[in-house]
1. Assigning unit charges at the beta carbon (Lys, Arg +1; Asp, Glu -1) and nothing else, what dipole magnitude in debye, to the nearest 20, does the chain show about its Cα centre?
2. Taking 0.36 nm per intervening residue step and subtracting the Cα-Cα distance, what contour gain separates Ser21 from Ala40 on full extension?
3. Work through the residues other than Val111 whose Cβ is under 15 Å from its Cβ and net out their charges, Lys, Arg +1 and Asp, Glu -1.
4. Could you calculate the FRET efficiency of Asn83 with Gln1 from 1/(1 + (r/R0)^6), where r is the beta carbon distance between them and R0 is 35 Å, rounded to 0.05?
5. As an exercise, find the ratio Rg/Rh for the range 33-87 from alpha-carbon atoms, using the Kirkwood inverse-distance average for Rh.
6. Any idea how many Lys pairs in the chain come in under 18 angstrom at the alpha carbon, given 8 or more places apart or on separate chains?
7. Please identify the trypsin sites (Lys or Arg not before Pro) of the range 1-101 that satisfy two criteria: DSSP loop assignment and at most 16 other Cβ atoms within 10 Å. Which are they?
8. Need the full-extension length gain, Leu47 to Asn30, defined as separation in residues times 0.36 nm minus the C-alpha distance. One decimal, nm.
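The values are calculated or read from the model by the stated rules, or taken from the named source; none is laboratory data. Being a predicted model, the structure only gives us computed values, none of them experimental. No Cβ is skipped: glycine too gets one built from the backbone with ideal geometry, and neighbour counts run over all protein chains shown. Heads up: the accessible areas ignore ligands, DNA and RNA and are worked out on the full protein's heavy atoms, side chains in. Shrake-Rupley method; radii C 1.70, N 1.55, O 1.52, S 1.80 Å.
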Amino acid sequence: QVQLVESGGGLVQPGGSLRLSCAASKTIFNILSMGWYRQAPGKQRELVATITSGGTTNYADSVKGRFIISRVYAKNTVYLQMNSLKPEDTAVYFCNQKSAVYEYWGQGTQVTVSS
């Protein structure tokens, strides 16, 4: 069974930066896209950023210009560089990797932006 292992969350002050990482425990073949989603308390899970196998990226309007998604495709690893963090970025961040036959989710990592 493939697991996505996330790391890099934590507590940061407003204006600070964090880098999230997500690696698959086993090779996932035929990846179509990788991405990050987040869920704040009392809210639905929302898309943060995705990147396709071809390298096309997509960002939520709320994070454009502040967050950067990247990946090492051959290693099933995806990153999220988060800059200029705001309190409203506080949420549990989930890694997602979609193959042609299955969709995988990480367990989530907490990001808290507070002074």
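1. Details: 11 positive and 6 negative charges, 32 e Å.
Magnitude of the dipole: close to 160 debye.
2. Numbers: separation 19, 0.36 × 19 = 6.84 nm, distance 1.92 nm.
So the extension gain works out to 4.9 nm.
3. On the way: positive: Arg19, Arg38, Lys43, Arg45, Arg66, Lys86; negative: Glu6, Glu46, Glu88, Asp89.
Once all neighbours under 15 Å are counted, the net charge is +2.
4. Details: r = 34 Å, r/R0 = 0.98.
That pair, Asn83 with Gln1, gives E of 0.55.
5. Working: Rg = 11.7 Å, Rh = 11.9 Å.
Taking Rg over the Kirkwood Rh, I get 0.98.
6. Details: Lys26/Lys75; Lys26/Lys98; Lys43/Lys86; Lys64/Lys86; Lys75/Lys98.
Final tally of qualifying lysine pairs is 5.
7. Details: sites: Arg19, Lys26, Arg38, Lys43, Arg45, Lys64, Arg66, Arg71, Lys75, Lys98; in loops: Lys26, Lys43, Arg45, Lys64, Arg66.
Qualifying residues, ordered by number: Lys26, Lys43, Arg45, Lys64, Arg66.
8. Working: separation 17, 0.36 × 17 = 6.12 nm, distance 2.15 nm.
Contour length minus Cα-Cα distance gives 4.0 nm.
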